[in-house]
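Okay, structure first, notes after.
The values are calculated or read from the model by the stated rules, or taken from the named source; none is laboratory data. Everything numeric here is computed off the predicted structure, so don't read it as measured data. All Cβ positions, glycine included, derive from the backbone under ideal geometry; neighbour counts span all protein chains shown. Note: accessible area is taken over every heavy atom of the protein model, side chains too, but ligands, DNA and RNA are not part of it. Shrake-Rupley method; radii C 1.70, N 1.55, O 1.52, S 1.80 Å.
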Amino acid sequence: MIEIGARIDLPHPTDRVWRALTDPALLARWYTEVEPAAGRPGRLLLYTAGLPGFDAAVDAEVTERREPDAIALRCQEAGRRTLLSCAVSPTPEGCRLTVRETLEHGAWPVEQRVRREQFYQQTLTGRLPAILDWLAFQQVDLLRDQGPPTAEMPVVETPGGAASPRRRRRAALVAALGGGVLATGLTAWVLLPPGPDRAAAPQPATVPPVATTAASGTPRATPTARPTPSATRSSARPSRSAPPTPSPTPTPAPATQAPLTARYETVATRIFGYTGEVVVDNAAGAAARDWTVVLTLPSGSTIGDVEGGEWRQDGRSVTITGPAVPAGGSQSVRFDVRDADPFVKAPEACAVADTPCAGL
C-alpha cells in the first residue's frame, strides 16, 4: 500500500481551516474547482486534470465528515482508487493540518507520485496559508459597538485627553491587523519570493536633469545669402566681374524616429501585491524626450512608490512618464502594486506609445 501526504502547522483556528477545506469557492482558489455530482448526493467532481501528478478529473465520494476535525474522500481517477483524508487538530498556536492519500487499487508511476506529493506540499505551504490570511483580514469585526470584536488589542491614550470612540476603534483595528501579520509572518507565496513592503503614500520620483544634446537642442539659424550688388550708372567704370553669390546652407532633413519599445517583468511578489518593472528602449539615433507608459490594473489595485518616473492613477489606468531615453539606450521604471486578491501578480495590460509591452 502506497501512501503520500503532507503536514503543516497553521496559525489559524480550526473552524477557519475547515471552511477553506470544504467551501467550493475557497477550494477553487487554492486547490482546484469542485462541484457536486448531479443526482448523486455525497459525490463530488474535482477538476484536477492538468495539475501536477494528476491524469484526469477525480470522481470522489465523501466517506467521512466530522466538522471541524476530519473529512475523507474515496477517489476514482484514471483506473486508480485512492482514499484522501484531511485531519485538523488544534495546537497552542492554531491548528495542524495533515493530508494523506493512500492508493487502494491500481498503480502510481514513480515520477507521477513524486510530482503529486510535491503539489500537495506546495499548495499546503503556499496557497492555503495565503487564503487563510485573506479570510482572517475579512473576518476582523469593524462594528465593535454591535458585539464582541474578533480581535481585541490595547489602545494607548494620547496626552491631553481621552481618544474618541472612532479613533479607539481605528487604533484597535490597525493593531489587530498588524499583530496578525507579525504573528503569521505573511507566509511566502508558492515559488514567489516576498518583496519589500512599501509605503502606502506614493512619492513621485525626482526627474534628474538631462543634458541637451546637439540632436535635440535648439536648431541654429541658417544664414541667408547676401544680395548681389548691382552696378550703378554713376560708377566711372563698371566692375569687370560681379562678386560670387554665396549658396544658402541646406537644412538637414530630420532623422527618422524609430518607435519606442518596452519590456515588462514582475520582479518580486507578496501575498497582497507585487513589484513590477517596465524598461523603455530607444533604438533611434536621437534621444526620446516625450514618452508615456500606460498600465491597466485589475479593479481594486493601487500603485505606489514609483522609481524612475512620475505617475498618475485614474481608476484602473496608470500613466507613467520620465526623463529622456538616450539614443540607443533605455530607461527603467519600477513600481509597487497592492491588491487584495492574492492571485494578482501583474497588470492586465502595458503599452508605450500604443505599442504593447513585451513579456506580459
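Annotations
- In the stretch 89-107, the residues that are over 16 Å from E117 (Cα atoms) and assigned to a loop (DSSP other than H, G, I, E, B): P92, E93, G106
- The conditions of being assigned to a strand (DSSP E or B) and surrounded by 19 or more Cβ atoms within 10 Å (Cβ to Cβ) are not met by V267.
- Given (1) modelled with pLDDT under 90; (2) exposed (fewer than 12 other Cβ atoms within 10 Å of the Cβ), index of the condition A151 fails: (2)
- For the stretch 284-316, a residue qualifies if it is under 24 Å from F272 (Cα atoms), in a loop (DSSP other than H, G, I, E, B) and touching a residue at least 40 places away in the same chain (Cβ under 8 Å), and the qualifying residues are L297, P298, G300, S301, G308, G309.
- Residue in the stretch 89-110 that is nearest to the chain's Cα centre (by Cα), counting only those that are farther than 23 Å from D15 by Cα and crowded, with 16+ Cβ neighbours inside 10 Å: W108
- Of the residues making up the stretch 340-352, those that are surrounded by 17 or more Cβ atoms within 10 Å (Cβ to Cβ) and either under 8 Å from the mean Cα position of the chain (by Cα) or within 12 Å of L297 (Cβ to Cβ) (or both) are V344, K345, A346, P347, C350.
- On the stretch given as the stretch 243-264, residues that are modelled with pLDDT of 55 or more, open to solvent by 50 Å² or more (accessible area, probe 1.4 Å) and within 30 Å of L360 (Cα to Cα) total 4.
- Qualifying position, being under 26 Å from the mean Cα position of the chain (by Cα) and at pLDDT 90 or above, among P13, P68, P24: P24
- Summed over the stretch 317-339, the residues that are exposed (fewer than 15 other Cβ atoms within 10 Å of the Cβ), more than 13 Å from V279 (Cβ to Cβ) and either within 14 Å of the chain's Cα centre (by Cα) or not polar (S, T, N, Q) (or both) give a count of 1.
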